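Asks: Could you have a look at this structure, given as structure tokens, before my questions?
Please treat every number below as a calculation from the coordinates, not as lab data. From a predicted model like this one, the values you see are computed outputs, not experimental measurements. So basically every Cβ, Gly included, is an ideal-geometry build from the backbone, and we count neighbours across all protein chains shown.
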Amino acid sequence: MKPGDRVRWNTSQGETRGKVVREVTSKMRIEGHSANADPKHPQYLVESDKTGALAAHKPDTLKKS
């Protein structure tokens, strides 16, 4: 995945859609949560279409839209 890709993922409220902002390859905190990413296990910072909220997700939780 790359920045700008449209993706979807599941949440407790149902499926959410958004876009990839960037790949995360180091530990970071985002909106009170930790993303334990590294170069071998990257995560993706995504922005929700519905709320504009940012969250880091593991690649296997995201599906291209």
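Asks: What residues have an amide H closer than 5 Å to that of V7, excluding those fewer than 5 places away on the same chain, when H is modeled at 1.01 Å from N in the peptide plane?
Replies: The answer is G18, K19, V20, S65.
Asks: Cross-chain or 8 or more residues apart, Cα under 15 Å: how many lysine pairs in the chain fit that? Count them up, please.
Replies: So the count works out to 11.
Asks: Using Cα-Cα distances under 8 Å and only pairs 6 or more residues apart, what relative contact order does the range 6-64 have, in percent?
Replies: Relative contact order, the range 6-64: 34 percent.
Asks: Using 1/(1 + (r/R0)^6) with R0 = 35 angstrom and r between the beta carbons of R17 and K40, what's the FRET efficiency to the nearest 0.05?
Replies: Approximately 0.80, to the nearest 0.05.
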